[in-house]
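Laboratory data are not the source of any read-out in this text; all were calculated from the coordinates shown. Model, not experiment: these values are computed from the prediction. Note that we place each Cβ from the backbone using ideal geometry, even for glycine, and neighbour counts take in every protein chain shown.
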Amino acid sequence: MNPPSYDYGLWSLVIINSVLILAFALSLFKPKTKTDWHTFGAFSAFIVALFTEMYGFPLTIYFFSGWLTRRYPGIDLYAHENGHLLEIFFGSGSNPHFGILHIISNILIVAGFVMISSAWKELYNAQKKGMVASGGLYKYVRHPQYDGFVLIMLGFLFQWPTIITLAMFPVLLIVYYRLAFVEEKDCMRKLGQEYEKYRKKVPRRFIPRFLPSSS
């Protein structure tokens, strides 16, 4: 028997939200290489796992239901707004969609998508010319698109943390770290000394410099 409020089992929303987010990311990222598809595939797994718990089956809520009931007596665990666990733990008690954690989440997600789009345009133009992508965000960091995906995932963790996505996040960081090495190796093979000069000029793979390197 379902509890008094049970705002889950909405599998149509799982599918719709997953498709919309992934289609939007795909339109900005436009994967071409095998490495690109691995990058997008890892992100897709995170998104599907996220929305499965957000609207489908609340595994994390079930897992911690005993502790949550003792810690927060009277809480309606299966009301959708209470899936925002960080808001329950650290929030102001107001509507979670207007709380500071949700605002931070939205900022990170939007920033991530902007980074992916901006970096792709720079990379696409450089690839058409057979050159190293060194303008825009590439002045500050060598892999801004990976940073964009990480910001989006981090943003969703602020909004709706789950056991699975929290476990996946460090694994995906390692995956992206390794994919960056594969990508750089490929760039060295194709662009040689030009890319080596760029690596020396922009030594940061993932954490941007506060100021771009001088020309």
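How big is the dipole moment of segment 71-215 about its Cα centre under a simple scheme where the beta carbon of each Lys and Arg is +1, that of each Asp and Glu is -1, and everything else is neutral? Debye, nearest 20, please.
Values: 17 positive and 10 negative charges, 213 e Å.
I would put it at about 1020 debye.
Too long at a 18 Å Cα-Cα cut-off: which of LYS32/LYS190; LYS121/LYS201; LYS32/LYS201; LYS128/LYS200; LYS30/LYS185?
Details: LYS32/LYS190 16 Å; LYS121/LYS201 21 Å; LYS32/LYS201 26 Å; LYS128/LYS200 23 Å; LYS30/LYS185 21 Å.
Pairs exceeding the cut-off: LYS121/LYS201; LYS32/LYS201; LYS128/LYS200; LYS30/LYS185.
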Fill in the blank from the handout: Check: C-alpha center segment 116-135 vs C-alpha center segment 41-99, spacing in Å is 39 Å
Problem - Packing-based ranking, highest mean first, of 138-149, 41-52 given that Cβ atoms within 10 Å are counted - result: 138-149, 41-52
